[in-house]
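Asker: Take a look at this one; I'll ask things after.
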Amino acid sequence: MDYWKNCEVPHDDKIIATITGLSANKSKIFIKLLLSIQLFESNGELLFSSYLNDKKETATNNRKIKSKLGKKGAAAR
């Protein structure tokens, strides 16, 4: 959820531990898992996800379309 709201996350075990509520050791394992399944990528300083960015863009576009159609329908009444 933090990624959805704020996008890239610092590639820092302590920050990830704070966000997830995991211990520092478990957050290291968690980060390795996310990178190994290629859900996230790292540029050394930040963790980011092309997949989640695409999903967020799709959701944002869908919300705009539905809002526009809803306004159009309300205006027709």
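The values are calculated or read from the model by the stated rules, or taken from the named source; none is laboratory data. As the structure is a computational prediction, the values presented were derived from the model and not from experiment. Cβ atoms come from the backbone with ideal geometry, glycine included; neighbour counts cover every protein chain shown. With ligands, DNA and RNA removed, areas are computed over all heavy atoms of the protein, side chains included. Shrake-Rupley method; radii C 1.70, N 1.55, O 1.52, S 1.80 Å.
Asker: Please give the per residue accessible area of the chain, computed with a probe of 1.4 Å over protein heavy atoms only, in Å².
Answerer: Per-residue accessible area for the chain comes out at 79 Å².
Asker: Turning to a different aspect of this structure: Compute the separation of the alpha-carbon centres of region 36-68 and region 6-22 and state it in Å as a whole number.
Answerer: Rounded to whole Å, the Cα centres lie 17 Å apart.
Asker: Under a 5 Å amide H to amide H cut-off, with H placed in plane at 1.01 Å, what residues pair with L47 once short-range neighbours are removed?
Answerer: V9, H11
Asker: Just the accessible area for S36, please: 1.4 Å probe, Å², rounded to the nearest 10?
Answerer: 80
Asker: Using the per-residue mean of other Cβ atoms lying within 10 Å as a proxy for protection, in what order, highest first, do the peptides 45-51, 65-71 fall?
Answerer: 45-51, 65-71
Asker: To continue, here is another question. Within the chain, how many Lys pairs sit with Cα atoms under 18 Å apart, leaving out pairs fewer than 8 places apart on the same chain?
Answerer: Lysine pair count for the chain: 11.
Asker: Tell me, what % of the accessible area of the chain is carbon and sulfur with a 1.4 angstrom probe?
Answerer: Of all accessible area on the chain, carbon and sulfur atoms account for 56 percent.
Asker: Which entry is the computed Rg and Dmax of the Cα atoms in Å for this structure: (i) 11.5, 38; (ii) 14.9, 49; (iii) 17.5, 59?
Answerer: (iii)
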